1. Once you order the gyration tensor axes a ≥ b ≥ c over the Cα atoms, which shape class does the stretch 180-295 get: rounded for a/c under 1.5, otherwise prolate or oblate by comparing a/b with b/c?
2. Along the Cα-to-Cβ line of ASN260, 7 Å from the Cα, sits a label point; which residues in the stretch 214-241 have backbone N less than 19 Å from it?
3. If I take R0 = 30 Å and measure r between the Cβ atoms of THR278 and LYS326 in this structure, what FRET efficiency does the formula 1/(1 + (r/R0)^6) give, to the nearest 0.05?
4. Short version: ³J(HN,Hα) in whole Hz for each residue of the stretch 163-178, in order, from phi by Karplus 6.51 cos²θ - 1.76 cosθ + 1.60 (θ = phi - 60°), x for Gly and Pro, what are they?
5. Counting other beta carbons within 10 Å of each residue's own, what order do SER496, SER584, SER519 fall into, fewest first?
6. Sequence-distant or interchain residues sharing an amide H contact under 5 Å with ASP484, placed H: which?
7. Answer rounded, prolate or oblate for the stretch 327-369, using the Cα gyration tensor with square roots of eigenvalues a ≥ b ≥ c: rounded when a/c is under 1.5, else prolate when a/b is larger than b/c, else oblate.
8. Order the peptides 179-192, 156-169 from the highest to the lowest mean number of other Cβ atoms within 10 Å of their residues.
Amino acid sequence: MLDESLLHRLAADITPSDAVRLRLKKRLQRSIEPTALLRSVEAVKPSSAIRLTLKERILGALPSASLAEDLRRIKESISLPASRIFSLRQLILGRLAPENDEPFMHGSLKWVASFAVFLLAIRAMPLVFLVPPTKADIGVQLIPSGEDVSVFVGGLWRNVPSAEVIHGPLMIRTAGDSKATVILNDDGVIRLGTDTTFKLHDIGDRPQFALSGPTATLVRGQVWVLGLLPPVVEGISVETLHGTVDINSGSASVREDGRNMTITLFDRGATFHQGSRTAFLVSGEKGIANASDTLSILKLSANAFSDPFVSQNLEQDAVHRAEIGKLQQERRARMAGILPTSILYSAKRIAEQVDVLFTLTHDGRTEKRIQQADTRLSEALALVKEGQNTEAVIPLTEYRDSLVAMAGGTGDNLVKYLLRKQIADASSSIDPATSSGKIQLVRTAILDVSASIPDTALQSKDIEGYVLVSKLTEINHMLSAQSDLSGALLAYADVSPYIKALLSEKDGAHPLLQKEARSLLVSTSSLIKDAAKGSQNSIIVAAETDLSQYVPVEPSGALVSEAELNATIDAIVQRIFIFKAPLSRYNQLIHEMGELKGNPNRGTLLRRLYRALPELGLGEYVLTEIKSFGDELKGR
């Protein structure tokens with residue numbers, strides 16, 4: 001065995017002294033110090049004069065002081081404190097290995113590390129500049145009103161004391177005086193009346209193309225349905241014992257009592273299916289179906305719209321439309337992100353290309369490209385909202401070209417499905433509240449894309465018919481609520497060249513859209529005549545002449561002089577305003593309009609009566625009667 005003292009002496013002999021250790025440490029530090037890099041940095045470092053000149057040029061190029069302040073805050077938020085930088089430097093130097101004798105390996109490691117950092121920065125660009133797809137976050141909600149609202153879950157009825165989110169199909173029941181409201185994402189609202197049993201089947205968000213069965217079933221009772229969907233997607237479908245009601249955009253009441261089903265339209269239109277039969281109803285009409293497979297369509301009386309149940313629901317519909325429209329606009333604005341007018345827009349487009357480059361699957365790249373096309377549409381809509389119509393043309397052109405290129409000659413079913421889904425969603429961005437020029441930009445782009453996609457259910461005439469109905473609704477609102485005659489005439493001049501083609505029975509728009517448009521044209525004609533008050537302005541006369549071809553011709557009546565017509569109207573007005581109470585005046589008006597039925601000059605008298613009534617509210621009942629009379633003439 002070795003002597004222990006010998007081992008101690010050997011250990012002492014081979015242990016380096018403090019001086020040797022110090023020399024080794026200095027050599028190691030010199031070997032890892034990047035002297036060449038430091039010399040290169042010093043060589044290319046600009047002088048103080050050059051740095052000052054560059055700083056002044058950059059500050060001068062900034063568009064505003066606010067942007068410079070934003071950049072300064074960003075710099076401060078991402079800058080590390082000096083103590084943290086020092087600790088990181090010590091940590092890195094402590095982990096570096098001594099430089100190898102082979103200079104080639106040292107340089108390779110530097111390039112690899114630099115390239116890795118570069119790739120990491122490139123891959124992070126989409127996270128910085130791109131906005132993830134978002135939706136109007138509403139969900140499906142059940143909101144009870146009263147104490148006797150319950151749902152059928154797990155074989156038992158459970159009371160619903162407060163609002164809750166619905167996660168799947170369920171049965172809803174109201175009892176006593178209680179009511180309930182079901183909000184279907186941003187697609188519509190269903191309000192349950194008292195003593196109603198209702199089963200909700202589908203809680204999916206539109207657009208979707210593989211629906212199986214109706215949205216809901218009305219077992220008994222009454223519901224009010226508000227649809228907020230364009231006609232190019234599946235609507236809200238309510239099944240009853242006597243047929244199914246489909247509503248895309250409009251307001252309707254549906255009642256089922258076991259013997260009859262009654263659907264009443266108070267805004268826009270709906271489609272009713274009963275076996276192999278299909279019927280279209282528009283505002284001011286009521287359909288009654290029974291077990292014998294018969295459907296009777298009747299005209300509503302003028303007082304139907306004044307019913308408290310109807311007026312309250314219409315008011316709630318207006319509020320809900322405004323809220324949903326605001327949410328959709330905010331969603332589109334978030335999706336737009338950085339606009340083409342921003343100096344950072346180029347970085348955003350580079351980030352989009354990087355995002356596609358690092359997506360490995362073909363399906364994934366397809367979805368990314370469609371999302372980016374949708375971003376171009378959102379950018380265009382954001383620019384249009386800001387009044388920058390010229391700037392909006394470029395992203396709209398890119399939207400159209402990119403989707404048309406993807407659709408051309410493709411046999412991929414997934415691509416077709418994604419394209420149809422995107423177009424259906426985009427069609428809901430046609431806001432009827434915007435001006436005609438803005439609608440034309442979006443409509444042209446969507447129609448060009450839809451025409452290039454094979455086997456799509458979207459027809460260009462249907463889109464144009466939908467826009468026509470929306471514009472006519474806006475024109476009527478301008479005339480009745482805002483009294484904006486000049487604006488209404490300009491809006492009508494924009495759509496008048498397309499009306500005749502869209503109302504063609506052979507190759508026009510969808511029959512429901514045609515029926516809605518014809519009903520609205522009758523109202524537009526009456527409202528323009530009322531607003532013009534006998535004016536002979538050439539523009540007004542031209543509009544009235546153009547509208548006359550869409551208004552049903554009244555049957556020839558007895559010749560009556562102007563004096564006799566005026567005397568008849570004056571007598572009716574005097575009899576109405578004998579009464580002081582608004583309700584008494586309303587009852588007298590209804591009686592007077594009933595007396596005019598059968599009068600050969602009924603249409604003329606109704607229009608003059610509408611113009612003669614000064615009291616706000618009474619004229620609306622006369623306008624409803626005029627629309628009903630026009631529908632009667634069309635049915636003859």
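1. The shape class here is rounded.
2. Answer for this model: 218-224, 240-241.
3. Plugging the Cβ-Cβ distance into 1/(1 + (r/R0)^6) gives 0.30.
4. With the stated coefficients, the stretch 163-178 comes to 4, 8, 8, 9, 10, x, x, 6, 9, 10, 9, 10, 9, x, 9, 6 Hz.
5. SER584, SER496, SER519
6. The list, which skips near neighbours in sequence, is LEU479.
7. Oblate, because a/c is 1.5 or more while a/b does not exceed b/c.
8. The packing order, highest mean first, is 179-192, 156-169.
Every number in this text was worked out from the coordinates using simple rules, so none of it is lab data. None of the values given here were measured: they were computed from a predicted structure. Note that each Cβ is placed from the backbone with ideal geometry, even for glycine, and that neighbours are counted across all protein chains shown.
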